[in-house]
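Derivation of every value follows stated rules applied to the coordinates shown; laboratory data play no part. Quick caveat: nothing in here was measured; it's all calculated off a predicted structure. Note that each Cβ is placed from the backbone with ideal geometry, even for glycine, and that neighbours are counted across all protein chains shown.
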């Protein structure tokens, strides 16, 4: 009793939901009964259950019938309640009401809280823009920008509209649109999208798509439309409610007419109440959710596991999902033996030491990890937006950046050495070319690192009958290399948010249930549209998590096969629960018709059936397929 009181105080202090408090109150009533005994209470406990649990059921049934002519399971329960009360069987009425309300509360507790993904996307929408008119810079609301307006975007600002760069060089973080882990260098003539972030150099651009045609606005509409199109699974008892009501009433009337005993007819109605049937699905779902939580999954939608069991294809984003999403130096290539790999790596790391570019930070981090925390001192450092860096290291002039940087400083790369770079570019690597004292010295190759468990996870999914597919915004070379390493036969590269959405829709039109797994803002529409969306909760964006049905909190992708197998096991448990509850109902009906069961015994039989269903569902809490998952 003290534990129950402490739990109630905790809920009240921490602001527990109405559903949680109501469930605790009902459990408290049951606790009082068990401690004091039904006969020793100073009031009729059955009427407490009838008022607290039965009245809401009656109201729901009446509202549904009057306003929508909708027959649900609560209609039959209401009939059984009224009939039991009419003949004085208060305990039977209270017991049925309690079990039904308990099932409804369990089902409600599996539904996720309201999500805020669309609102967060709206916050990403640029609010202002710097417009150049008559030689003057004006800051105006972004929605008032007109096509062909000339705009200026400073470092750190979000691009307000879609357009083309006119002057300036920069690097733009396009993760919001493509999911690419690295910024993309931009120069005059290149396109930029609204919602992307200008990281380094200032530039001027011409507006091409404005207002509702902007990329970020299109993404918001994609998320909204995808969410609206996702069907919700209807409760099994409600789905069959009309037939249950018709059969129950017919059986009760025939029993009354044939036997002439109204108590038998009422007993038929009581045992026909789908108590165990109502508990069959939500108890299994809650147990499976508890199991999933222990393996790092936050199930945000109550019926997500139910939908996951039907999935036959799973689409993966690459960056941050199958890979770590951070660039790593994978090779150091030298022109000659004039210096060692460590020497060239060290000179580049020293030059990049003050760089804010993610590639520069990766070079410094990897050098310290492999060799030493002590970097050489760099002087006269300068960062050239969209090109690279320049510095003096131990008296030597060091250039580190792209080919355009070398060309602008008349540094020639020998034609016979171009093939070295092409090998790494074909694998999807990003290259940092290095020149020492105005002579080409070699390059560093960087690439995203594949998660160590990704390949085994992909194989495990295939073994349980789920087909993996790669959908990524990366270059085809990078996508192909990753797909080959993972053994994926199907992949699609350079996917924008609408491309991922289109692929999922095409599969769904062929009646194929698809699961989408991603981590970026650009994955939000696809996560919403998919039959089930799973977001990487650790490295993923808040918007991706809010758009998903399930979040993988610790990013341990090796647990994904267990989640899929668990959903299939959960559906097997639900089917067993349903088969048992329906069999119990028909056996109890036969006993009620013959007069062996009275309303109280009928209610107790149903209570026992409900307990069996709950115990069977509880076995899911510790279930695990095998050690391979």
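Kirkwood-based Rg over Rh for the range 360-404 (C-alpha set), two decimals?
Values: Rg = 11.4 Å, Rh = 11.5 Å.
Rg/Rh: 0.99.
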Given that compact globular proteins tend to follow 2.2 N^0.38 Å, what is the ratio of the alpha-carbon Rg of the range 285-398 to that value? 1.72
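What ranking do 374-386, 471-483, 408-420, 197-209 get when scored by the average of other Cβ atoms within 10 Å per residue, highest first?
Details: 374-386: 15.4, 471-483: 21.8, 408-420: 11.9, 197-209: 20.1.
Packing proxy ranking, top to bottom: 471-483, 197-209, 374-386, 408-420.
Obtain the radius of gyration and the Kirkwood radius of the range 126-213 from its C-alpha atoms and give Rg over Rh.
Values: Rg = 11.8 Å, Rh = 12.6 Å.
Ratio value, two decimals: 0.93.
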Students often check this: by mean Cβ neighbours within 10 Å, which of 250-263, 355-368 ranks highest, and how do the rest follow? 355-368, 250-263
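Mind sorting 132, 566 by how few other Cβ atoms lie within 10 Å of their own Cβ, fewest first? Write out the running numbers ahead of the final one.
Working: 132 14, 566 26.
With the fewest neighbours first, 132, 566 line up as 132, 566.
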Label-reachable residues, the range 390-411, where backbone N falls under 15 Å from a point 7 Å from residue 380's Cα toward its Cβ: 390-400, 409
Return the distance in nm (one decimal) between the two label points of a simple spin-label model at residue 154 and residue 608, each offset 7 Å from Cα along Cα→Cβ. 7.8
Could you pull the Cα extents of the range 326-448 along its three principal axes, largest to smallest, in whole Å? 34, 30, 30
How would the range 445-572 be classified by its alpha-carbon gyration tensor: rounded, prolate or oblate, with rounded meaning a/c under 1.5 and the a/b versus b/c comparison settling the rest? rounded
